[in-house]
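Input: a single structure, listed below in structure tokens.
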Amino acid sequence: MQLRALGPLVALNSDQKPISISPKCRQVLGLLVTHADHAVANGCFFEELWDGDPPRTVMTTLQTYVGQIRRVIAEATNLPLTDVANEILVTVGGGYMLFTKRITLDITEYERLDRAGRMAIRAGDNAEASALLRAALDLWRGPALVNVDSSRLLCAQIARMEECRLTTQEHRIYAELQLGGHHDLVAELFALTAAHPLNEKLHAHLMLALYRCGRRAEALSVLRGLRAQLVMELGLEPSPFLAALEQSMLSGDPSLELRGSGDRRGQAVAS
């Protein structure tokens, strides 16, 4: 059985066919998959489902939703309900836990690929890092849990997952800058900086990519735009590393050019 949460939340059986899940059950399952292999207290379900104003039948209603999810898992895995309750969606103390040993969860695979990609960067293998991080990002099919009605707890988990996704993109772009992919990255970086107008790391990536494409004036213009935005919205100047990057570009510092492992300045501003 596959559970996919990096996009719409869906359950797939062994034939890769989706199984229908009701909206409230998707909300319960959303909390379980974002805390996979960790217990979720009943109180968290109460808060997420009823926003602090649960009905008098709250425990019975929650048990009904959990029972429906167990039936979905049983249908997808061809396991008896008792096995599902004992090995996959388990009652633990005052809550429930989703064990992933017998199911495939895209969040788990994404996190594995992301960790491996970062390790490859630390080891200096940028080609391997790029491949791993691209594979991690390919698991995303849209905004996380996009078809789930979300209250405070799930919104926090969705925000965390989307931040992780952005960080993965930043690391992948860093690796590909070190591989000489600046020409191919410019368009993507323009889109990312437009979507994240205060993200200094993405702006540094864009500046470096433009500079290496021979577009120094545009690279410096990127920083001017960011500086204006930071001052207007936060009353802040860009970070010292961006100021140092600007000075290096103004002076035509040769260390900004792509020179493999010796490209220390380029690595510093892109990482």
Over the stretch 60-139, what percent of the accessible surface lies on carbon and sulfur atoms, probe 1.4 Å?
-> 50 percent
Identify, among Ile19, Leu31, Gln2, the residue whose Cα sits farthest towards the positive end of the charge dipole of the stretch 1-100, taking +1 on the Cβ of Lys and Arg and -1 on the Cβ of Asp and Glu, with the dipole about the Cα centre.
-> Ile19
Amide N proximity, the stretch 222-255 versus Phe190 label position 7 Å along Cα-to-Cβ, cut-off under 15 Å | 222-223
How much of His196 can a 1.4 Å solvent probe reach, expressed as accessible area in Å² and rounded to 10?
-> 70 Å²
Using a 1.4 Å probe, how large is the accessible area of Glu237, given in Å² and rounded to the nearest 10?
-> 120 Å²
Between 0 and 90°, nearest 10: helix 200-212 axis offset from the chain longest Cα axis = 40 degrees
Computed Rg/Rh of the stretch 25-97, alpha carbon atoms with Kirkwood Rh | 0.96
Considering only protein heavy atoms and a 1.4 Å probe, what is the carbon-and-sulfur percentage of the accessible area of the stretch 206-261?
-> 56 percent
Cα axis of helix 58-77 to longest principal axis of the chain: angle in degrees, 0 to 90, nearest 10?
-> 80 degrees
Reach of Lys101 by Cα under 23 Å, taken over lysines that are not fewer than 8 positions away in the same chain = Lys17
Label-point separation, Leu198 to Thr60 (7 Å along Cα→Cβ), nm | 4.8 nm
Treating the angle as unsigned and between 0 and 90°, give the value, to the nearest 10°, between the Cα long axis of helix 182-195 and the longest Cα principal axis of the chain.
-> 60 degrees
Say R0 is 25 Å: what FRET efficiency, to the nearest 0.05, do Ser239 and Ala123 get from their beta-carbon distance?
-> 0.40
Å² of accessible area per residue within the stretch 1-99, as computed with a 1.4 Å probe and no ligands counted = 46 Å²
Helical contribution to [θ] at 222 nm, DSSP H n ≥ 4, -39,500 (n - 2.57), averaged over the chain, rounded to 500 | -20000 deg cm²/dmol
Sorted by accessible area (1.4 Å probe), largest first, how do Met97, Met249, Met232 line up?
-> Met232, Met97, Met249
Which percent of the Cα-Cα distances in the chain go past 36 Å?
-> 32 percent
Return the distance in nm (one decimal) between the two label points of a simple spin-label model at Val92 and Arg115, each offset 7 Å from Cα along Cα→Cβ.
-> 1.7 nm
Estimated dipole of the chain in Debye, rounded to 20 [Cβ of Lys and Arg +1, of Asp and Glu -1, Cα centre] = 160 debye
Highest GNM mean-square fluctuation among Leu202, Leu29, Leu226, for the chain with Cα springs under 10 Å, belongs to Leu226
Choice from Leu198, Leu258, Leu250 with maximal GNM fluctuation in the chain (Cα, 10 Å cutoff) = Leu250
Mind checking the full-extension length gain between Cys213 and Leu179? Use 0.36 nm per residue of separation minus the Cα-Cα distance, one decimal, nm.
-> 10.9 nm
Place the peptides 146-157, 51-62 in order of packing, highest mean first, counting for every residue the other Cβ atoms within 10 Å and averaging per peptide.
-> 146-157, 51-62
What FRET efficiency, computed as 1/(1 + (r/R0)^6) with R0 = 22 Å and r the Cβ-Cβ distance, is obtained for Trp50 and Glu162, rounded to the nearest 0.05?
-> 0.30
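The values are calculated or read from the model by the stated rules, or taken from the named source; none is laboratory data. None of the values given here were measured: they were computed from a predicted structure. All Cβ positions, even for glycine, are placed from backbone atoms using ideal geometry, and neighbour counts span all protein chains on display. These area figures cover heavy atoms from the full protein model, side chains too; ligands, DNA and RNA do not enter into them. Shrake-Rupley method; radii C 1.70, N 1.55, O 1.52, S 1.80 Å.
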